[in-house]
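Take a look at the structure below.
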Amino acid sequence: MIKVGLISLGCAKNLIDAEVMAGHLRAAGMTLTPDSASADALVINTCSFIDQAKKESIAAIHGAVDERAAGHRQRQKIIVAGCLSQRFRQELPRLMPEVDAFIGLDQIPRIAAIVSDLFAADDAAASRDFVTASPRYIPDYDTPRFRLTPGHYAYVKIAEGCNHTCSFCVIPQIRGRHRSRSQASVVREVRDLINSGVREINLISQDTTYFGMDQWAGARPNPRSGVDSAHGESLASLIRELDTISGEFWLRLLYTHPAHWSDELIRAVADSAHVARYVDLPLQHISDRMLVRMQRETDGAYIRGLLQKMRAGIPGLAIRTTFIVGFPGETQADFDELLAFLDEAKFERAGVFEYSREEGTRAARLDDQVHHATRRARRHRTMAQLQKIYQATSSAQVGQTRRVLVEQPGIARTEWDAPGIDGSVFVDRTLPVGEFAEVTISGWRGYDLIAAR
């Protein structure tokens, strides 16, 4: 029996790919092991969204190759999967001849056969590149899957790929064009997860708000018109259907693009008994100059109007967002406008990234790149300002009763906190793990809250 080790790097979307590979490996009769030293085959599921992620992935591959050599495990097969393989499908086999196979997104359901073939082939065979261009694969409700998250929460990928042309981003090149699952498929998967005891469903894709729109007939959809259900399936119609599932659970919306929020979607979230009052809404900037250069399909006036409509239409909403500082051509005036906007908007959750110059993007070819020291300084200043806003948000929670989902003994999350991203609540250790509880917030520390015990 072949034993397979699995290392997964990067985001939750990548984690689902790893879970699907694990499911196919188990369905083929192979054994999963957390001990890479005892594994007959080691699959490294990589990320390459930004330079830091790329370096982490390369280090993991080199580390696995070195450990194999040091442990005299010459028969161990190393397979590199995920975004790094897909992005650099032509370069990696030449640069990393020690790797036994490279697989891309379309090879995820073939992982077990590829592992078997590696052991059946001549040991002296060269590295094998299975990666295909323009991937089309997307999992379905009946796809074999071995969940790697705790039993009380799960991620559900409702679409794959992206149709946006953001000038800083390589995701469309890696993941291909946007392709939605059917609404019925997503509902069936979520219902099965809820029936198995899951208490939180995190809906994810590269652009969750574009769900179903790629199936609309006719011209490119314009959800800003206010109503999208007349066109066919959409995130709003999916939420309404998921809300019919019985049980006590949260639905969380991650990776929503601001350009695709409609009035109907706001109403669907507001009316839902299950959608957490939390929306992940990456804005990237507020300066019109920067938004045009980033090709974000939004402008400052639209963003401010959308935030106003969302807060008015969804009481108690927490908005998580991210920004990029140091983008090519960003002036001090652009940066000052961003800082002023943060004080104006007072986001409950927010993060900031230094611009990463990614090869193959339009932004990487721009002449007016911002110096790395300036990028770093702007990130530090933005983070300091965000921390002050967060402290005020946390202080306002003191004395309130909040519903939390217990993660582990003594640690829980509110609906304003996504797993692995946001803060925690320190609670009584006797509260049952994987269940909801009502607690009163008595204090805060850093990014975390403290509940009375």
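No value in this document is a laboratory result; all are computed from the given coordinates. Because the structure is a prediction, the values reported are computed rather than measured. In this analysis, Cβ positions are derived from the backbone assuming ideal geometry, glycine residues included, and neighbour counts consider all displayed protein chains.
Each Lys or Arg adds one and each Asp or Glu takes one away; over the other residues whose Cβ falls under 9 Å from the Cβ of Asp280, this sums to +3. Ignoring lysines fewer than eight residues from Lys54 along the same chain, the ones with Cα atoms less than 20 angstrom from its Cα are Lys13. Beta-bridge orientation, the chain: approximately 30 percent antiparallel, per DSSP, counting only bridges with both partners inside. Could you please report the charge total around Arg379, scoring K, R as +1 and D, E as -1 over all other residues with beta-carbon less than 13 angstrom from its beta-carbon? With Lys, Arg at +1 and Asp, Glu at -1, the net is +2. How high is the relative contact order of segment 153-396, in percent, counting Cα pairs under 8 Å that sit 6 or more residues apart? Normalised by residue count, the contact order of segment 153-396 is 17 percent. Between the Cα long axis of helix 12-27 and the first principal axis of the chain there is an angle of about 40°, rounded to the nearest 10.
Per residue, what volume in Å³ does the Cα convex hull of segment 1-57 take up?
For segment 1-57, the hull spanned by Cα atoms encloses 68 Å³ per residue.
Taking all Cα pairs closer than 8 Å and separated by 6 or more residues, the relative contact order of segment 346-434 comes to 23 percent.
The ratio of the alpha-carbon radius of gyration of the chain to the globular-protein estimate 2.2 N^0.38 Å is 1.01. Among the cysteines of the chain, those with no neighbouring cysteine Cβ under 4.7 Å are Cys11, Cys47, Cys83, Cys162.
Placing R0 at 51 angstrom, the Cβ-Cβ distance between Ala121 and Arg403 gives a FRET efficiency of 0.40 after rounding to 0.05. The distance between label points at Arg453 and His371 comes to 5.0 nm (points 7 Å beyond Cα on the Cα→Cβ vector).
Computed over neighbours whose Cβ is under 15 Å from that of Thr31, the net charge equals +1, Lys and Arg +1, Asp and Glu -1. Would you mind checking the tilt of helix 372-397 against the longest principal axis of the Cα atoms of the chain, expressed as 0 to 90 degrees and rounded to 10? On a 0 to 90 degree scale, this one is about 60. Average 1/r across all pairs of distinct alpha carbons in segment 401-451, invert it, and you get the Kirkwood radius: 10.5 Å. Averaging the sequence gap over all C-alpha pairs within less than 8 Å and six or more residues apart, then dividing by the number of residues, gives the chain a relative contact order of 10 percent. Label-to-label distance for Ala133 and Glu98 is 3.1 nm, based on points extended 7 Å past Cα in the beta-carbon direction. Could you give the angle, 0 to 90 degrees to the nearest 10, between helix 51-70's Cα long axis and the longest principal axis of the Cα atoms of the chain? Helix 51-70 and the main axis of the chain meet at about 30 degrees.
Protection proxy ranking for 81-87, 330-336, 447-453, using the average of other Cβ atoms within 10 Å per residue and placing the highest first: 81-87, 447-453, 330-336. Over the Cα atoms of segment 3-129, the radius of gyration divided by the Kirkwood radius equals 0.92; this is the Rg/Rh ratio. Quick one: if the Förster radius is 60 Å, what FRET efficiency do Ala392 and Asp140 give, using the C-beta to C-beta distance and rounding to 0.05? It comes out at approximately 0.85.
Within the straight-line cut-off of under 18 Å between alpha carbons, the lysines reachable from Lys346 are Lys309, Lys388, sequence neighbours fewer than 8 places apart in one chain being disregarded.
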